[in-house]
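Here the structure is laid out as structure tokens; the discussion comes afterwards.
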Amino acid sequence: MSAGQVTLSEAFAAAEMSVDDVEKTVREHARFVYKVAYSVLRNHHDAEDAAQETFLRVMKHAAELAEVREIKPWLARIAWRIAVDKTRQRPAHPPEDVTELNLSNHDPGADDLIEREQMSRLLERMIATLPADLRQVITLSTVQEMSSADVAEVLRIPEASVRTRMFRARQLLKEKMAAVIGKEQPARRRGGQS
């Protein structure tokens, strides 16, 4: 046996280990990567495409996978960038005007599930109207439940900036929610007096 043959078998073993590492990473984090992509793209098919592209990039860099200290933020950063790139490629649609939403479209006897679903959709629409820097932080932090440090790593900004943007985003969302709910209450009172 020559030294060349040993090196070749070692290379095959390393390649096989890398493929196993990638498969394990996909199994453990596919849902998370999809959720990160979906939080940006808001479309099931586009999010699936972005998740697949994320893992293709991981596969391309499989040899480096063992060197990654924190896999979740690393994957989130890749998925986030891919999703943001995809949004730039598709035509822009202006966000819906959240002040025109009607929260009282269901019967008074409808269960809380419908109301929670409507509030969730309202919140998603309000988040979509935030400036991009605030929207990114609140999406990763609140929707994806990432820590401030992880969000800072994904967006490559200081952690203090993440906290500042989170504070500002929450302030704006509270103001928007108060404005929408304030408009709904007089309408409900008028409707109840008729």
Local electrostatic count at Arg168 - Lys and Arg +1, Asp and Glu -1, tallied over other residues with Cβ under 12 Å: +3
Could you give the nm distance between label points at Ala63 and Arg156, where each point is 7 Å from its Cα heading toward the beta carbon? 2.3 nm
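Read-outs throughout are calculated quantities, based only on the coordinates presented, and are distinct from any laboratory measurement. None of the values given here were measured: they were computed from a predicted structure. All Cβ positions, even for glycine, are placed from backbone atoms using ideal geometry, and neighbour counts span all protein chains on display.
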